[in-house]
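Participant: Here it is: the structure, laid out below.
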Amino acid sequence: MQTKLATINVSTLKGVGPKVAERLAHLSIRNLEDLLFHLPYKYQDRSRIHPISSLRQGEYAQVCGMIETANIVFGKRRSLVCKISDDTGTMEIRLFYFSTAQKKQFITGQFVQCYGQISHSGRSYSMIHPEIKYLHDNPTPQLEEGLKAIYPTTEGLQQKTINAIIQQGLGYLKRAKVTELLPESWLTKLGFPPLAEALLMLHQPPLDVPLTAIENGENLMIKRLAFEELVAQHIALQKAKKQIQRYQAYEVKKINPQLTKFLDTLPFNLTTAQQRVIQEVRVDIQRNYPMMRLVQGDVGSGKTLVAAVNMFDVSGMGFQSALMAPTEILAEQHYKSFVSWFKPFAIEVTLLTSKMPAADKRKALETISTGQSQMVIGTHALFQSQVSFHHLALVVIDEQHRFGVEQRKTLLEKGVSSNQNQIKPHQLIMTATPIPRTLAQTAYADLDLSVIDELPPGRKPITTVVMDEAKRELIIQRVKQNCIQDNRQVYWVCTLIDESEELQCQAAEVTHEQLQAALPELKVGLIHGRMKPQEKQQIMQAFKEQKMHLLVATTVIEVGVDVPNASLMIIENPERLGLSQLHQLRGRVGRGEKESHCVLLYHAPLSKNAKQRLNVMRETNDGFVIAEKDLELRGPGEVLGTRQTGILEYKFADIIRDSEMLPDVYFCADEIMQQSPKIAEALCSRWIKHGDKLSRV
Ligand code: ADP
Ligand code: MG
């Protein structure tokens, strides 16, 4: 029987002393199996020479040519420019940093070979700081065999070092065994190669394999690994789900006797969908183990009230509940609603945010820990260690997608500090980011799912138009009319998704000045992420009280803010945002009786894909349809990525790219869990390096 790679420590390899071992550990590499799962993120082809005439902008290439000239050029920056030519054309090598010795090496008539990225400067192609080999009089290039793999690495660990270590590891692949964990039958069914073959190929791809297919995950070998990873993650989440049931929870067995009375105070009836979800939660929280439920509901579907009713039941039992919002603005807004709803029922609602004045905070902490406070509303400050709850039975997490995976993880791991360790609160996670159901099943396999698939009656759909920035003047006039004649309010949203928040705030400041200058008769406000919470709160409040007509904002207003009189929204550069995010933003209007409009003010030229995506916004108001389309039209690196949705991150898999595999993933995972618990275990320990990562308790 062959040795298993997972049992061989990396420190048995040459060149891996304690220092290097420690750095490898930063990359989660401890044994040879870990090492072989550490795959290149790109490849370089130094096996051939590209004729200059075949070069293309942006590509990496290797060129060999004769030196024509080499001169120091004094342009914007001093540089050394060396012209080389082959039989097909000429190209420049450009160095901004160079020594006199280096300059002397470029001798007219001699040959050089260089590898680098092609850029197009002026009329000719050039390489800036390529790797250079001086061939002197010999015109024959030095070629390497195969592709050169470039690995992700960490501080203090050079590419050359990790490459050499992995080369040694690959030698072991032939002698020792990398354990195959996927059942043979599934490999056959899906046409997947054995694991060893996939790993070897990805470390050393043959020259005829299209590299882009590897880099964008279309390659079968990558799919093979992605599949295994998804299976492992699915198993891990299923296990986490079972583990949760080992904890105890307060049983919320009764509906609050005052419920009808409370509902009578509302100016409307609950929608059928709200009632259904409230009921689904009720069934869960009367159990003696923690609920873990995700509620998906489009913007404006009334999620807050669902949470409120369940929290009301909890307080009826004499337990405490907490609602956590992602921003201070939202926390304050919820706090106000809850006070107005529940004060008449002698329920004490407490606000807790990190930015509160110290004295208020101290008081809040005290009412929370004594149990005097029955409902607690706050930001993530709720989960800091100094907060001690009293019979906390239910935690509601609002707009969950705004929390990063990490944040959610710590928060749920820690749970909440309570004197009873074995008792964990029921958890209700609410999100307006509609993830298509199949994806939600994967990303949230440890959660039960509820969907509020109905909006309150009488909502007017928001009319959306897509317009060129060139029509800005026209829009500004329309804003004026909207505010003065129709007495409505307007949001003007500045977005700069790729830039820093700092820049986004600056952009908003500039726009604010411009709009105020263009519309002197209007009161124009400004809100952005760099303002103090209290300032933001005051501005939102003033806007709500109609003390200003127009509010220039960054995406801070994306979540939850409720100003029914605002009926027009202009979004600048909408092409830069994901559709789901646009949908969230747009959901800030259309909350009142009046017709609402949204103007997507794009910057021409629009790519075909961007055009299609903006058209989706024009055609529908349904968040789930938008999410599906978002998926379909997703360009490289765009939208719904894990970053935006806050869903699990994977090493090789991408649940959107790999969504077709998901049904097979579920079947395969179930089969393994039922038939071979040992393999299920092994898959988890192979793929989930920090075992607790997935646990949401
Ligand atoms: P979201 O699901 O986006 O969090 P909210 O809970 O903020 O939505 O509700 C949006 C608005 O709809 C609020 O003003 C709320 O009072 C109102 N609302 C909630 N439920 C109903 C209902 N059943 N009928 C009419 N309006 C409702
Ligand atoms: Mg909400």
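Participant: Report, to the nearest whole %, how much of the accessible area of region 533-575 belongs to carbon and sulfur atoms, 1.4 Å probe, protein only.
Facilitator: Carbon-and-sulfur percentage of accessible area, whole number: 44.
Participant: Still on this model: Looking at the chain only, what percent of DSSP beta bridges run antiparallel? Nearest 5 please.
Facilitator: Rounded to the nearest five, the antiparallel share is 40 percent.
Participant: If all Cα-Cα distances of the chain are sorted into 20 Å bins from 0 onward, what percent lands in each bin, rounded to whole numbers?
Facilitator: Per 20 Å bin, starting at 0, the Cα pair percentages come out as 15, 39, 34, 11, 1.
Participant: Next up: Take Val556, Val283 and sort them by solvent-accessible surface of the protein heavy atoms, 1.4 Å probe, largest at the top.
Facilitator: Working: Val556 35, Val283 65 Å².
Result, largest first: Val283, Val556.
Participant: Provide the solvent-accessible area of Arg437, counting protein heavy atoms only and rolling a 1.4 Å probe, rounded to the nearest 10 Å².
Facilitator: Its heavy atoms expose roughly 130 Å² to the probe.
Participant: Of the peptides 95-102, 481-488, 330-337, 193-200, how do they stack up when ordered by the mean number of other Cβ atoms within 10 Å, highest first?
Facilitator: Per-residue Cβ counts within 10 Å, averaged per peptide and sorted highest first, yield 330-337, 193-200, 481-488, 95-102.
Participant: Additional query: Could you pull out every residue, at least 5 positions away or on a different chain, whose amide H is within less than 5 Å of the one on Asp448? Hs are placed 1.01 Å off N in the peptide plane, and Pro or chain starts have none.
Facilitator: Here Met292, Arg293, Leu294 satisfy the definition.
Participant: Under the rule of at least 5 residues apart or a separate chain, name every residue whose amide H is placed under 5 Å from the amide H of Val396.
Facilitator: Close amide H contacts, sequence-distant or interchain: Ala322, Leu323, Met324, Leu428.
Participant: Another question, if that's okay. Can you grab the distance from the C-alpha centre of region 528-579 to the C-alpha centre of region 69-140, Å, no decimals?
Facilitator: 53 Å
Participant: Measure out, as a whole number of angstrom, how far apart the alpha-carbon centroids of region 2-19 and region 258-324 sit.
Facilitator: Centre-to-centre distance over Cα atoms comes out at 54 Å.
Participant: In nanometres, what is the gap between the two model label sites at Asn269 and Thr179, each 7 Å from Cα along Cα-to-Cβ?
Facilitator: Reported label-point gap for Asn269 and Thr179 is 5.9 nm.
Participant: First measure r as the distance between the Cβ atoms of Leu259 and Glu454, then evaluate 1/(1 + (r/R0)^6) with R0 = 30 Å and state the FRET efficiency to the nearest 0.05.
Facilitator: Computed FRET efficiency for Leu259 and Glu454: 0.90.
Participant: When the Karplus curve 6.51 cos²θ - 1.76 cosθ + 1.60 is applied with θ = phi - 60°, which whole-Hz ³J(HN,Hα) does each residue of region 357-373 get, with x for Gly and Pro?
Facilitator: So the J values, rounded to whole Hz, are x, 3, 5, 4, 5, 4, 5, 4, 4, 5, 4, 6, 6, 7, x, 4, 8.
Participant: Counting only protein chains, not ligands or nucleic acids, how are Lys532, Lys471, Lys303, Lys480 ordered by accessible area (probe 1.4 Å), most first? Walk me through the intermediate numbers first.
Facilitator: Values: Lys532 145, Lys471 95, Lys303 15, Lys480 65 Å².
Result, largest first: Lys532, Lys471, Lys480, Lys303.
Participant: Would you tell me the accessible area of Asp448, worked out with a 1.4 angstrom probe on the heavy atoms of the protein chains, in Å² to the nearest 10?
Facilitator: Accessible area of Asp448: about 50 Å².
Participant: Sticking with this structure for a sec: Show me the ranking of peptides 367-377, 168-178, 581-591 by mean Cβ neighbours inside 10 Å, starting with the highest. Don't jump to the answer; show the numbers that get you there.
Facilitator: Values: 367-377: 20.5, 168-178: 16.2, 581-591: 24.4.
The most tightly packed comes first, giving 581-591, 367-377, 168-178.
Participant: Once neighbouring chains are kept in place and the probe is 1.4 Å, which whole percent of the accessible area of region 85-144 is contributed by carbon and sulfur?
Facilitator: 50 percent
Participant: Can you list residues from other chains, or at least 5 along the same chain, whose modelled amide H is less than 5 Å from the amide H of Lys148?
Facilitator: So Lys148 has HN proximity to Gln44, Asp45, Arg46.
Participant: Next question, about the same structure. Once phi is turned into ³J(HN,Hα) by the Karplus curve 6.51 cos²θ - 1.76 cosθ + 1.60 with θ = phi - 60°, what whole-Hz value does each residue of region 24-29 show in order, with x for glycine and proline?
Facilitator: My calculation for region 24-29 gives 4, 4, 4, 8, 6, 9 Hz in order.
Participant: Show me the ranking of peptides 353-365, 125-137 by mean Cβ neighbours inside 10 Å, starting with the highest.
Facilitator: 125-137, 353-365
Participant: Apply the Karplus curve 6.51 cos²θ - 1.76 cosθ + 1.60, θ = phi - 60°, to the phi angles in region 234-249 and return the couplings in whole Hz, x for Gly and Pro.
Facilitator: Per residue, the Karplus-derived 3J(HN,Hα) values read 5, 4, 4, 5, 4, 5, 4, 4, 5, 4, 4, 5, 7, 7, 9, 8 Hz.
Participant: Still on this structure: Are any of the pairs Lys532/Lys594; Lys42/Lys608; Lys76/Lys104; Lys303/Lys424 more than 26 Å apart by Cα-Cα distance, and if so, which? All intermediate terms of the calculation are to be shown ahead of the outcome.
Facilitator: Values: Lys532/Lys594 32 Å; Lys42/Lys608 28 Å; Lys76/Lys104 23 Å; Lys303/Lys424 23 Å.
Among Lys532/Lys594; Lys42/Lys608; Lys76/Lys104; Lys303/Lys424, the Cα-Cα distance tops 26 Å for Lys532/Lys594; Lys42/Lys608.
Participant: In whole percent, how big is the carbon plus sulfur part of the accessible area of region 234-381, probe 1.4 Å, protein atoms only?
Facilitator: 50 percent
Participant: So, for the chain, what is the accessible surface per residue at a probe of 1.4 Å, expressed in square angstrom?
Facilitator: Normalised by residue count, the accessible surface of the chain is 46 Å².
The values are calculated or read from the model by the stated rules, or taken from the named source; none is laboratory data. This structure is a prediction, so every number in the text was calculated from the model and none was measured. Don't worry about glycine lacking a Cβ; one is built from the backbone with ideal geometry, like all the others, and counts go over all protein chains shown. The area values use the complete protein model at the heavy-atom level, side chains included, leaving out ligands, DNA and RNA. Shrake-Rupley method; radii C 1.70, N 1.55, O 1.52, S 1.80 Å.
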